[in-house]
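See structure below.
The values are calculated or read from the model by the stated rules, or taken from the named source; none is laboratory data. None of the values given here were measured: they were computed from a predicted structure. We place every Cβ from the backbone using ideal geometry, glycine too, and count neighbours over all the protein chains shown.
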Amino acid sequence: MYQVKNIKSKDARIIIGMFYSDMARKVFCAAYKMGMYGKQYQWIIPGWFDARWWEVKDNGLECTPAQIKQAAGNYFAAMEATWSSDPRPTINGQNAATLKQRYTERVKNTSYTHNEYSVFAYDAIWAVALTLNNSIETLRAQGKTLEQFNFSDASMSRVFQEKLQGLHYRGMSGEIAFDNFGDRVGVVVIEQLQDNAEVLVAEYDSHSSTLRFNGKKVIWQGGSPPVDQTLISMELVSVSLPLMIFMTTFAVLGIILATGFLAFNIYYSNRRFIRMSSPRLNSITVIGCILIYLSVICSGIADGKFVTPSRYSIMCQSQVWVLCIGFTLAYGAMFSKTWRVHILFLKKIERRSIKDHQLLVMVAGLLFIDVIILITWQVLDPLQYAIRYLPVVEDKDGFSAKRPYIEFCSCQDTIKWKATIFTFKGLLLIFGAFLAWETRNVTIPALNDSKNIGISVYTVVLSCTVGLPVVMVITRMPDFTYGLSSAMCLACTTITLCLMFVPKIMMLGKPDLEQKDTQNERTGFYGTKSNAIVPSDSRSISSGQKDPPPPGETQTIFQSIRKASKVVQIKEETNMDCNNSTTIESAEAAQEATTEPAKDATESKI
């Protein structure tokens, strides 16, 4: 039935039904099918039903009498009291028990049957008599008598209504009075179904608003009265404290590690193997990594019940700024260095050099784009504190439930702003992965960290590709979302720092490696895994000196480069598997061709 379904949708637990017994069987059959019975529910129905009304056969029902009775449970039946149990005398001077005895004896001597509702007729006659009797003086003052009454006399009707509302006497059914609407204000008898019979458990005197438990003990199916609806308590679902402490600890350790690498980079910036790897860009990468570590800490604080709703949006905006700028500084510096490797070693040889300040301008440009996007976002559509409610979880007792909710930041066009940032970062990641793949065979550790930077780029791209969609989709599990995103940030950042600085620290303890690298720099040639012989930034390319080398020397150097490149090309076309031999032969060919003209050449640097 629609009505029963509507009651269930409103989560009503104490239900008052005003219907006759035939409709009651249909209602409780529908309630049984919907599971609306048991200790969570309490029904209150009229008290004038016949005994064992649920056993009456009804061909239109799909429930058995036992199922109907189970759905009704220990229902309460309420109706106005018939025979009063008050021992005090009624208005005629006799108490209700004496009047009941007289009525019973009178019925026995007649053809009438006993009727429980006859008591109301007795009290109604007294009400009419008292009303008319009390109206005599009032009507006399108006020059009227009761004998002059007719139904069109409105003034006389008002007198009767006024006198009726002022009545208050004790009748066979108890205290009798009437409200402003003419309804009886009396005693309500409350019975409960116990052991297949309705028994008296209490009486409610509506005139004095008192409830008297003067019958049998009330039986509750669950041992206690049910609640009128499910008691729902709000429960904040946030990042667990152990997980937050764990991630924050690693982030702090990461900051300490990054600070150590930064100090190492600055202290040994004059050493050749540090100077040749662009220490200023290395420092920018470290600063970006520190900001990423800080974003992990900010995220844990915001999602761990440590921030009030009024300051939650500030933490959200701070986290976005710190993470975006940190990513741009760290990844942008690596991207620029990879781009330089790609230009110098895989493009056509030109008379040009790429200085560090050019790469710094590139990083500044990427950072400028970030700042423009973030400022526009914060001004036009700032992030605001919001709540997302999760499905209600009922407790085992059935009387209470918990409504979990999560806190987050949102704005009107959250998807559009995130899409803008992700598109910019995504293009940067894709282009960076392409450059890393193109320069995968360039091995010049001291000069540009190309191989290690490539590995770092691959790590970042893979983590963002796999982890970011998962974090964006699964938003109802704060522990999982925070744990995965923090783990990605910590892992990628730490791997990047270690790949960038651990080899340099190891080289610091091995002077022979540094000397070998210096010798390679002076020769002007470096080998790659693809067997390409690429010249360093010699005087003929970008020495930066005012006096150019003699024309004959420059021509000889370029002829030697072309000769070496042709040797490599021929070797690669004939046999791609002879990597090592090709490199050696190419290097020897190039060195033989450039030995004489390069003797007087000034040492150059890229």
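Quick look at the numbers
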{"quantity": "Condition check for Ser224: surrounded by fewer than 14 Cβ atoms within 10 Å (Cβ to Cβ) and among the small types (Gly, Ala, Ser)", "calculated": "yes"}
{"quantity": "Matching residues in the stretch 321-342 - criterion: being of a type in the set (Val, Ile, Thr) and at pLDDT below 90", "calculated": "Thr338, Val341"}
{"quantity": "Every residue from the stretch 260-282 that is assigned to a loop (DSSP other than H, G, I, E, B) and in contact (Cβ under 8 Å) with a residue 60 or more places away in the chain", "calculated": "Tyr268, Arg271, Met276, Ser277, Ser278"}
{"quantity": "Residue satisfying condition, being under 49 Å from the mean Cα position of the chain (by Cα), crowded, with 18+ Cβ neighbours inside 10 Å, not in a loop (DSSP other than H, G, I, E, B) and not assigned by the TED database to the domain that holds Gln101, within set Leu257, Leu253", "calculated": "Leu257"}
{"quantity": "Selected residue (criterion: nearest to Ile14 (Cα to Cα)) from residues of the stretch 393-417 that are in contact with a strand residue (DSSP E or B) (Cβ under 7 Å, 6 or more places away or on another chain) and of a type in the set (A, V, I, L, M, F, W, C)", "calculated": "Phe399"}
{"quantity": "In the stretch 197-210, the residues that are surrounded by 12 or more Cβ atoms within 10 Å (Cβ to Cβ) and assigned to a strand (DSSP E or B)", "calculated": "Glu198, Val199, Leu200, Val201, Ala202, Glu203, Tyr204, Asp205"}
{"quantity": "Residue identified as in contact (Cβ under 8 Å) with a residue 60 or more places away in the chain and not assigned by the TED database to the domain that holds Leu130 among Tyr75, Tyr20", "calculated": "Tyr75"}
{"quantity": "Lone qualifier among Val185, Val159 - being among the hydrophobic types (A, V, I, L, M, F, W, C), over 30 Å from Arg52 (Cβ atoms) and at pLDDT below 85", "calculated": "Val185"}
{"quantity": "Residues of the stretch 374-388 classified as of a type outside the set (A, V, I, L, M) and assigned to a strand (DSSP E or B), total", "calculated": "3"}
{"quantity": "When residues of the stretch 39-85 are limited to those that are within 42 Å of the chain's Cα centre (by Cα) and at pLDDT below 90, the one farthest from Lys8 (Cα to Cα)", "calculated": "Lys39"}
{"quantity": "Matching residues in the stretch 83-112 - criterion: being without any contact (Cβ under 8 Å) to a residue 60 or more places away in the chain and in a strand (DSSP E or B)", "calculated": "Asn95"}
{"quantity": "All positions within the stretch 293-330 that are over 16 Å from the mean Cα position of the chain (by Cα) and aromatic (Phe, Trp, Tyr)", "calculated": "Tyr293, Phe306, Trp321, Phe327"}
{"quantity": "Per-region count, the stretch 211-252, residues closer than 30 Å to Ala81 by Cβ and not polar (S, T, N, Q)", "calculated": "15"}
{"quantity": "Conditions (1) surrounded by 14 or more Cβ atoms within 10 Å (Cβ to Cβ); (2) closer than 26 Å to Arg476 by Cα; (3) of a type in the set (Gly, Ala, Ser): number failed by Ser233", "calculated": "(1)"}
{"quantity": "Members of the stretch 372-412 that are among the β-branched types (Val, Ile, Thr) and in contact (Cβ under 8 Å) with a residue 24 or more places away in the chain", "calculated": "Ile373, Val392, Ile406"}
{"quantity": "Residue tally, condition in a loop (DSSP other than H, G, I, E, B) and out of contact with any helix residue (DSSP H, G or I) (no Cβ under 8 Å at 6 or more places or on another chain), over the stretch 3-40", "calculated": "10"}
{"quantity": "Selection status of Thr285, crowded, with 21+ Cβ neighbours inside 10 Å, assigned by the TED database to the domain that holds Leu428 and either over 38 Å from the mean Cα position of the chain (by Cα) or aromatic (Phe, Trp, Tyr) (or both)", "calculated": "no"}
{"quantity": "Residue count, the stretch 273-295 (criterion: among the small types (Gly, Ala, Ser), modelled with pLDDT of 85 or more and more than 13 Å from Leu497 (Cβ to Cβ))", "calculated": "1"}
{"quantity": "Of all residues making up the stretch 299-323, the number that are part of a helix (DSSP H, G or I) and crowded, with 21+ Cβ neighbours inside 10 Å", "calculated": "5"}
{"quantity": "Residue list for the stretch 140-154, restricted to those being surrounded by 10 or more Cβ atoms within 10 Å (Cβ to Cβ) and either more than 19 Å from Leu130 (Cβ to Cβ) or in contact with a strand residue (DSSP E or B) (Cβ under 8 Å, 6 or more places away or on another chain) (or both)", "calculated": "Gln142, Gln148, Asp153"}
{"quantity": "Filtered residue count, the stretch 360-381, keeping only those that are under 26 Å from the mean Cα position of the chain (by Cα) and surrounded by 14 or more Cβ atoms within 10 Å (Cβ to Cβ)", "calculated": "5"}
{"quantity": "Subset of the stretch 113-129 [part of a helix (DSSP H, G or I) and closer than 16 Å to Ala97 by Cα]", "calculated": "Ser118, Val119, Phe120, Tyr122, Asp123"}
{"quantity": "Filter pass, Gly223 being part of a loop (DSSP other than H, G, I, E, B) and farther than 16 Å from Ala77 by Cα", "calculated": "yes"}
